[in-house]
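Each reported figure results from applying straightforward, stated rules to the coordinates on display, with no laboratory input. All values derive from a computational prediction rather than experimental measurement. A quick note on method: Cβ atoms are made from the backbone with ideal geometry, for glycine too, and the neighbour counts reach across all protein chains shown.
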Amino acid sequence: MDLFFTIVIIFLLLNIALGLIRVWRGPTVADRLLTTQLFGTTGMAILLVLAGYLKQPTFLNVAITFNVLAILLVIGLVIVWNKRKGENP
Amino acid sequence: MSIKELITIILLVIGCFFFLAGTLGVLRFPDLFTRLHALTKADNLGLGFIAAGMALHIASPWAAVKIFSMWLLMLLASSTSCYLIARFEKEKDAPKNKKEEL
């Protein structure tokens, strides 16, 4: 069971590494922005598996941080959007 | 191996499959909108399967409630940011006159 959890965590980390390719090649800003969504979701899944693997419920609270980071992306987008609208009214 | 562990393993494997599908979609799809479609649906479904498996493995009711509410929050955040990113890109391409008509 421990070996299986380790394999799942390594697999999810490889997913994040593959997502970095899109950050490197992404033609537009929005392409790079959408990978933060991938990192938030995958990072939260890694922390959930770690919480079960190490039997420490504290990792669940760390996973909430990734939730909040995904919400911060929305706030940042709205700020950038309003700035762009202000420049070209 | 008990039946609980077997169900956990099956749920985690299904979740990993959906994560792989989402990442491959982000890498291989040609357009920004199709990439958003692949990412926000497949990844959150995979997260739901992994959350269900880990809630079963931890086997504490309060942890299960916490994991479930975290998944709901992630669904809300990802759908909102998906909509915002798509609209961000669409308004950049649209001509200004057309935007005022709408």
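So here's what we get for this one:
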quantity	calculated
Positive-end residue of A:Thr6, A:Leu77, A:Gly52, charge dipole of the range A:2-87 with Cβ unit charges	A:Leu77
Extent along principal axes [Cα atoms of the range B:3-93; Å; largest to smallest]	53, 26, 10
Estimated dipole of the protein assembly as shown in Debye, rounded to 20 [Cβ of Lys and Arg +1, of Asp and Glu -1, Cα centre]	380 debye
Filter on A:Lys85/B:Lys66; B:Lys66/B:Lys92; A:Lys83/B:Lys41; B:Lys66/B:Lys90 - keep pairs with C-alpha separation over 31 Å	A:Lys85/B:Lys66; B:Lys66/B:Lys92; B:Lys66/B:Lys90
Dipole magnitude of chain A about its Cα centre (Cβ charges: Lys, Arg +1; Asp, Glu -1), debye to nearest 20	300 debye
Gaussian network model of chain A, springs between alpha carbon atoms under 10 Å - residue of A:Ile79, A:Ile16, A:Ile64 with greatest fluctuation	A:Ile79
Compactness relative to 2.2 N^0.38 Å, alpha carbon Rg of the range A:2-87	1.32
Averaged over A:4-14, number of beta-carbon atoms from partner chains that fall within 10 Å	3
Where trypsin sites (Lys or Arg not before Pro) fall in DSSP loop in the range A:1-71, at most 16 other Cβ within 10 Å	A:Lys55
Reference-scaled alpha-carbon Rg (2.2 N^0.38 Å with N residues) for the protein assembly as shown	1.12
In order through the range B:68-85: 3J(HN,Hα) via Karplus (6.51 cos²θ - 1.76 cosθ + 1.60), integer Hz, x for Gly, Pro	5, 5, 5, 5, 4, 5, 5, 4, 4, 5, 6, 5, 5, 6, 4, 4, 5, 5
Choice from B:Val26, B:Val13, B:Val65 showing the highest fluctuation, given a GNM over chain B with Cα pairs closer than 10 Å	B:Val65
Net +/- balance of residues flanking A:Leu20 in space, Cβ distance below 14 Å, scoring K and R +1, D and E -1	+2
